[in-house]
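Okay, structure first, notes after.
The values are calculated or read from the model by the stated rules, or taken from the named source; none is laboratory data. As the structure is a prediction and not an experimental result, all values here were calculated from the model. FYI the Cβ positions are ideal-geometry reconstructions off the backbone, even for glycines, and counts take in every protein chain you see. Accessible surface areas use protein heavy atoms only, side chains included; no ligands, DNA or RNA. Shrake-Rupley method; radii C 1.70, N 1.55, O 1.52, S 1.80 Å.
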Amino acid sequence: KVRRLIANDFARAWGECDVIMGPTAPSPAFRFSAKSDDPVQMYLNDIYTIAVNLAGLPGMSIPCGYSAGLPVGLQLIGPHFGEGALLNFAHLYQRETHWHTDVPAGGPR
């Protein structure tokens, strides 16, 4: 029942837009192994991607900036069989921005 309600909400949204954008996680990426001892915090970082999975929709995350030197992800969600639109949007976004070429602070050079 819950999956159907979520899918219906997304179906209504597709009448108004082609792609839904939002954050991939509620906070920037955390440092390697920083939260490995706290499974609840690890789970909560996936909270924004759960509805997409429950609705069976295509989604992807692309880099869109940094906060305190840590990468931030932009989640793109498309309608059923909308993978092409997502890939096209991601390509256009990356053509106009530089985030996908930057290396996070402290990352490999």
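The figures follow:
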{"item": "Solvent-accessible area, 1.4 Å probe, carbon plus sulfur percent, for the chain", "result": "60 percent"}
{"item": "Förster-model FRET efficiency, 30 Å R0, W14 and D102, C-beta, rounded to 0.05", "result": "0.40"}
{"item": "Coil-residue trypsin sites (Lys or Arg not before Pro) of the range 1-65, DSSP, other Cβ within 10 Å capped at 16", "result": "K1, R31, K35"}
{"item": "Å² per residue, accessible surface of the range 41-109 at 1.4 Å", "result": "61 Å²"}
{"item": "Computed helical MRE - 222 nm, the chain, DSSP H runs ≥ 4 contributing -39500 (n - 2.57), nearest 500", "result": "-11000 deg cm²/dmol"}
